[in-house]
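All remarks here apply to the structure that follows.
The values are calculated or read from the model by the stated rules, or taken from the named source; none is laboratory data. In this text the structure is predicted, and so the values were computed from the model without any measurement. Note that each Cβ is placed from the backbone with ideal geometry, even for glycine, and that neighbours are counted across all protein chains shown.
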Amino acid sequence: MIEEPYRWVEAIANRREYIEAQLAPGSPIAALGYRDGILFLTLGKTRQKIFEIYDRIAMGAIGHPGDIERLRMAAIELASTEGFSRSATDVSLRRLVHYSLSPVLKTAFEQIYGPPYLARMLFAEVGERPDNDLFLRVDYDGEIATNGATYAQARQDFAVLSGTQQSRELMEASLKTQHAPDASFEAALNSALDAWSIGHMTLQTKDAKELPERAAVTKYRKEQLVNSGIEAALLERDASRAIRYRSLSDKELRSLIND
């Protein structure tokens, strides 16, 4: 009996190590609040990583495609049920994540005899003004990180997702210096591409603690854009629009990229 708690803790540690290894190669995702809405962006070749959830809410995710799809469908169903039983304006990202998705992920992670979710998700809810935008990052164990101000950090007008903590922190460091909430769409696009490039090029670099040189980032971005497509979507701030979510094509974005 005395050994049981230790075995559970050891099993959880092994499970966390396994999941982190599975998520490590995932292509980073950047979500930036700007003047006219929120931009989601990543680069890839085949699998979709950015999705509409409900009206003002979108999601980006890395991990196992099956698990991402199960969580996406669960989020859509929960939001749709809330909107039907109350109203569309009553659907809240904070309530959706804190009271529904996070507990499900936590339970699956801690039940060591069942499979956990191999997924890491980034949600955003567009507000009437940039300072009303909400970003929530939800991990495989149910942990939630928000862009909201706390005693330990200032409020951020962006959020990022990556396969490793080191990669994510460098992406955030880049956006802290490069991005502004009143930025134009073109500026937000280029900031997101730079953040993605920094995150991707440092995924496998264990000792990277400082941002790479600007020239190195530009060179890496150009190389990746040759062989990868841009996946991007907008949550538009204009409340008069019937549909806030809009997918953006690779072709329409290429002409806006700075050299």
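Some notes on this structure:
- Residue match in the stretch 142-165 (condition: more than 30 Å from SER92 (Cβ to Cβ) and hydroxyl-bearing (Ser, Thr, Tyr)): yes
- Conditions (1) more than 23 Å from GLY63 (Cα to Cα); (2) outside any helix (DSSP H, G or I); (3) modelled with pLDDT under 90: number failed by VAL9: (2)
- Helices (runs of 4 or more DSSP H) enclosed by the stretch 25-115 - at least 2 residues per element that are charged (D, E, K, R), surrounded by fewer than 17 Cβ atoms within 10 Å (Cβ to Cβ) and in contact with a Gly (Cβ under 7 Å, 6 or more places away or on another chain): none
- For the stretch 248-259, a residue qualifies if it is free of Cβ contacts under 8 Å to residues at least 40 places away in the same chain and not in a loop (DSSP other than H, G, I, E, B), and the qualifying residues are LEU248, ASP250, LYS251, GLU252, ARG254.
- ASP182 being surrounded by fewer than 21 Cβ atoms within 10 Å (Cβ to Cβ), touching a Pro at 6+ places or on another chain (Cβ under 9 Å) and under 20 Å from ILE38 (Cα atoms): yes
- Filtering LYS49, LYS45 for residues that are touching a strand residue (DSSP E or B) at 6+ places or on another chain (Cβ under 8 Å), closer than 24 Å to ASP194 by Cβ and modelled with pLDDT under 95 leaves a single hit, LYS45.
- Residue pairs meeting the criteria (Cβ under 8 Å; at least 6 apart or on separate chains; first farther than 17 Å from GLY44 by Cα and touching a residue at least 40 places away in the same chain (Cβ under 8 Å), in the stretch 13-25; second part of a helix (DSSP H, G or I) and among the charged types (D, E, K, R)): none
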